[in-house]
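Worksheet: the structure to be examined is printed underneath.
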Amino acid sequence: MRRLFSALLVSAFVLGGTMFMSCESGSDSPIGPYLNYQEKVINPNSAKTATDIELFADLSVSKAADFSAVNVTVIPSDAKVKVSCDTDVVSLIESPDEVDDSWVVKFKPKKQGTFKVTAESGSVKKTIEIKVTSKIESIEVTGKTDPIDKGSTVQLKAEKNPSDSPATVTWASSDTNVATVNQSGLVTAVGPGVAVITATATDEETDTYYGADVVAGYFDVTVKGFYLSDTIFFLGGKEEAKNEIVEAKIVGIEGGTVEWTPDESGVYAVTPDPDDDKKVTLSYVPGKKGEGTVKATLTASDGKIYEATAKVLVAEYFMLALGDSIAAGYAPKAMGGKVDDKNLEESDFVAAYKKYMDRRKDQTVDPNYVNEFCYSYLLYKKYKDAGSNMRLNSYAMSGDNTQMLLDKLKDTYCDGTIATKQGEILEAVKDADCITLCIGANDILLKVFGTDLITRDASWFEKAFKDELPKFKERYDQIIETLTANGQHVYAMSIFSPYKHFTSTPDHYIPAAQFNGSMKFWINKIVKINEYAEPVIKDINKYIKEKAESMPTKMTYVEVADIFDNMDNAEHKTYLNPVPEKLDFAKIIYGFGKEIPIWFDPHPRKAGAQKIADAFKSAMEG
């Protein structure tokens with residue numbers, strides 16, 4: 001009995017010594033809870049203790065990750081903190097790094113499981129629990145890389161990382177006319193070309209706030225034969241390519257000569273490369289849209305003939321202009337036929353406007369002619385010059401207000417010049433890709449023109465505009481709803497007051513006697529228009545802007561008012577007609593009863609129309 005007791009005592013002593021040494025050395029032995037204790041120290045030479053510690057980390061990491069980390073925030077930042085974990089699920093690696101007022105303690109995942117990281121300093125102790133999973137990190141696709149014959153197969157393999165990831169793999173081919181793939185990764189060659197085979201792994205083993213992890217691997221399968229560099233080529237539109245280069249590809253065939261067949265669709269042109277018979281350039285034909293086929297024929301060295309074809313889709317971007325006289329490109333006129341002042345009359349501008357207004361009356365004029373000096377045409381020209389395949393039409397009409405445009409859209413009203421067919425404008429709206437809109441100024445200005453402005457007081461104007469604004473908003477809403485009903489995008493500009501620099505007092509260009517005499521009526525008329533109309537113009541622009549911001553996928557606000565409002569007098573007379581450098585009263589008086597003097601005309605000149613076009617282009621590309 002004594003011998004047995006002695007033997008047990010010696011055994012216990014030896015075992016105890018072994019356990020003690022394992023704990024000290026950090027052995028990987030699975031025996032005991034502290035055998036894998038690991039420790040990193042922040043600020044090891046500091047004598048300070050922390051008053052607070054915060055830990056942050058991804059609570060779920062993949063064992064395939066190169067490393068992950070726990071962020072440790074210490075208050076104060078120079079306190080000594082011991083960071084430890086007591087498991088072999090991970091290994092703490094490297095010394096803590098200080099980054100942006102916190103410390104990064106890195107660890108290397110080793111196997112699946114859960115571990116805790118503890119940070120402690122004095123009496124302050126914080127712990128975070130992290131799970132190591134087999135979440136998917138990457139996927140690699142391997143298989144035969146040599147070109148294969150039509151009808152043959154090749155087996156691909158998807159290697160997940162980590163290999164024991166439970167993620168499910170699905171297979172897909174970028175071009176089933178070249179190669180198909182089943183859900184076991186078996187690829188079958190269907191026709192000549194290159195198909196990208198994709199293996200996508202979806203792993204649901206993750207935290208809900210991250211969502212499922214998805215990774216993909218790719219493999220190119222080349223099938224021997226004769227084919228083109230793509231199966232579909234796109235041309236035209238507002239931002240599509242003007243030209244596309246098509247290249248004939250020869251795989252596994254002793255090639256000879258390549259010939260290209262001219263397309264019969266007429267929607268694009270083919271230009272051979274003078275230095276390479278395997279290449280041609282496709283170009284759209286302006287104003288054309290539709291579908292064609294590009295075809296190449298290879299005569300191999302053994303006499304065999306191979307054919308390769310691809311579709312060519314030509315898009316056309318249709319921009320429609322709607323609105324009032326500014327959108328129509330109204331040309332301000334000088335006064336009377338006997339007045340010869342070329343500084344005031346831009347004759348080509350006047351002629352273009354007349355041609356636009358008479359386009360349905362004069363059979364020699366294109367019935368779809370758009371005034372070449374209006375802002376919509378200048379905008380269109382910028383895109384055309386940049387290579388876009390764009391078409392423009394305009395149904396803007398001088399004098400139109402929101403009610404008149406709404407009537408046209410409801411097909412209850414047609415004018416006798418720019419549109420005569422019933423339903424024509426609404427049909428154009430449905431066909432448009434985008435619509436430029438300038439409407440609303442006449443809702444206000446028509447309230448004051450033709451009114452005895454000199455005897456009206458502020459309260460009359462205030463009531464007139466106050467009553468008009470809600471009606472404008474209601475009509476404007478109906479217009480936008482109609483214009484965007486079929487997926488069109490509306491670019492709507494703000495309206496502006498052209499009379500910013502008019503004053504109701506004489507200046508050095510207008511003698512006081514003349515100002516208070518023959519010119520008093522007109523000066524007061526213009527001043528009052530600006531004085532009373534400007535506040536409601538601001539309300540209208542605010543409403544248009546808010547409307548656009550509430551429906552950004554259908555409508556964009558185009559800021560034009562600020563462009564003219566912020567000009568000084570010198571700039572203002574360059575882009576608009578009011579506020580001339582010199583007033584010739586003889587000509588003004590001569591012009592009464594024939595034309596409104598050009599100095600009072602609110603419409604932009606050529607340079608002003610270009611300013612508006614630039615604003616629209618910025619909005620369309622914004």
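Just a few scattered comments:
- Where labels lie 7 Å past Cα in the beta-carbon direction, separation of E239 and E204 in nm: 3.8 nm
- Euclidean distance of C-alpha centroids, the stretch 252-290 and the stretch 107-125, integer Å: 66 Å
- Cα-projected label distance for K131 with E159, points at 7 Å along beta-carbon direction, nm: 2.9 nm
- Full-extension gain in nm, I75 to V41, via 0.36 nm per residue minus C-alpha separation: 10.7 nm
- In terms of distances greater than 27 angstrom between alpha carbons, the cross-link table entries K354/K554; K242/K545; K63/K157; K381/K554 yield K354/K554; K242/K545.
- Simple point charges give the picture: +1 on the Cβ of Lys and Arg, -1 on the Cβ of Asp and Glu, and for the stretch 113-168 a dipole about the Cα centre of about 280 debye.
- In whole percents, the pair-distance distribution calculated for the stretch 193-305 from its alpha-carbon pairs, binned every 10 Å from zero, is 12, 30, 24, 17, 11, 5, 0.
- Estimated at 0.36 nm per residue, the fully extended path between D149 and D97 surpasses their Cα-Cα distance by 13.1 nm.
- Relative packing of peptides 142-153, 383-394, 557-568 - highest average C-beta neighbours within 10 Å first: 383-394, 557-568, 142-153
- If R0 is taken as 45 Å, the Cβ-Cβ distance between D477 and A300 corresponds to a FRET efficiency of 0.10.
- Gained length - E546 relative to N177, 0.36 nm times residue gap less alpha-carbon distance: 127.9 nm
- Efficiency of FRET between S138 and T114 - r from beta-carbon atoms, R0 22 angstrom, step 0.05: 0.40
- Estimated FRET transfer efficiency when R0 is 25 angstrom, pair T170-I232 (beta carbons, to 0.05): 0.50
- Partner lysines whose Cα lies under 24 Å from the Cα of K304, excluding those fewer than 8 positions away in the same chain, are identified as K150, K224, K249, K278, K279, K295.
No value in this document is a laboratory result; all are computed from the given coordinates. Being a predicted model, the structure only gives us computed values, none of them experimental. Methodologically, a virtual Cβ is constructed for each residue, glycine included, from the backbone with ideal geometry; neighbour enumeration extends over all protein chains shown.
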